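The block underneath contains the structure these notes are about, expressed in structure tokens.
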Amino acid sequence: MPPAPDPAAIPIDPRRFAPATERNRDPILALLRRVLPPAGTVLEIASGTGEHAVFFGRHLPHLTWQPTDPDAAARASIVAWSAEAGLANVAAPLALDASQPNWPVERADAMIAVNLVHISPWAATVGLLGGAARVLPTAAPLVLYGPYKRDGRHTAPSNAAFDQNLRRQNPAWGVRDLETMVETADAAGLDLAEIAPMPANNLGLVFRRR
């Protein structure tokens with residue numbers, strides 16, 4: 001009988017999986033096809049597992065995708081997904097914390113953040129909007145995806161329950177007011193260009209740099 005394999009010798013797959021990715025990636029891609037530039041670099045903030053970066057990179061081969069995440073394990077997952085896909089237009093992930101003023105990127109042709117605003121402290125959103133104003137050229141898009149309240153009210157009971165669950169996990173998290181987002185973006189130098197309805201009571205917000 002052969003000896004049992006040494007657990008320490010079995011490679012650990014660093015890839016992470018986000019179940020929501022398969023549900024939302026196609027609607028987000030449809031929005032991106034409409035609003036992203038025909039060429040250039042897309043800076044993705046808080047890339048998480050890296051599944052979106054690889055999916056969008058594969059379907060938007062004319063663009064260079066620059067993933068980022070402040071978490072080292074997330075960056076390892078991004079590297080693993082990218083290596084498996086073998087895509088030349090997905091760059092190595094950068095360590096970037098949106099809430100911090102110093103970013104390792106000086107310029108991008110577009111920016112995207114999926115499910116960041118509600119699963120992070122408000123300072124991360126303020127930093128995200130300010131960072132977009134610094135690195136994007138005039139009229140370049142910042143695309144955000146996630147749930148939002150409108151006129152101070154949740155758009156669905158499921159969003160209200162989700163908001164409560166988020167705040168139980170971390171009081172600094174939560175579904176934000178769309179109007180507050182627009183005001184904060186305006187103060188940073190970004191104009192709201194589009195509100196795109198998305199599945200599961202989410203919204204795609206497109207801001208453009210003034």
Please determine, in degrees from 0 to 90 and to the nearest 10, the orientation of helix 72-85 with respect to the longest principal axis defined by the Cα atoms of the chain, where the helix direction is its Cα long axis.
-> 70 degrees
In nm, to one decimal, how far is the I119 label point from the H62 one, both placed 7 Å along Cα→Cβ?
-> 3.1 nm
By the gyration tensor of its Cα atoms, with a ≥ b ≥ c the square roots of the eigenvalues, what is the shape of segment 86-210: rounded for a/c under 1.5, prolate for a/b over b/c, or oblate?
-> prolate
Quick one: Cα centre-to-centre distance for segment 157-210 and segment 52-106, in angstrom?
-> 23 Å
Report the local net charge at T125: Lys and Arg +1, Asp and Glu -1, summed over other residues whose C-beta lies under 13 Å from its C-beta.
-> -2
Taking Lys and Arg as +1 and Asp and Glu as -1, residues besides G189 with C-beta under 14 Å from its C-beta add up to +1
If you line up the long axis of helix 19-35 against the longest principal axis of the chain, both from Cα atoms, how many degrees apart are they, to the nearest 10?
-> 50 degrees
Percent relative contact order of segment 33-209, based on C-alpha pairs within less than 8 angstrom and at least six residues apart?
-> 19 percent
Helix 157-169 sits at what angle to the longest principal axis of the chain, using alpha carbons and giving 0 to 90 degrees rounded to 10?
-> 60 degrees
The chain: proportion of alpha-carbon pairs further apart than 28 angstrom, % = 27 percent
May I ask you to compute the full-extension gain from V126 to I12, defined as 0.36 nm times their residue separation minus their alpha-carbon distance, rounded to one decimal in nm?
-> 37.4 nm
For 158-171, 137-150, ranked highest to lowest by mean beta-carbon neighbours within 10 Å, the order is 137-150, 158-171
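Throughout, read-outs are computed from the coordinates displayed, never taken from laboratory work. Quick caveat, the model's predicted, so the values are computed rather than measured. All Cβ positions, even for glycine, are placed from backbone atoms using ideal geometry, and neighbour counts span all protein chains on display.
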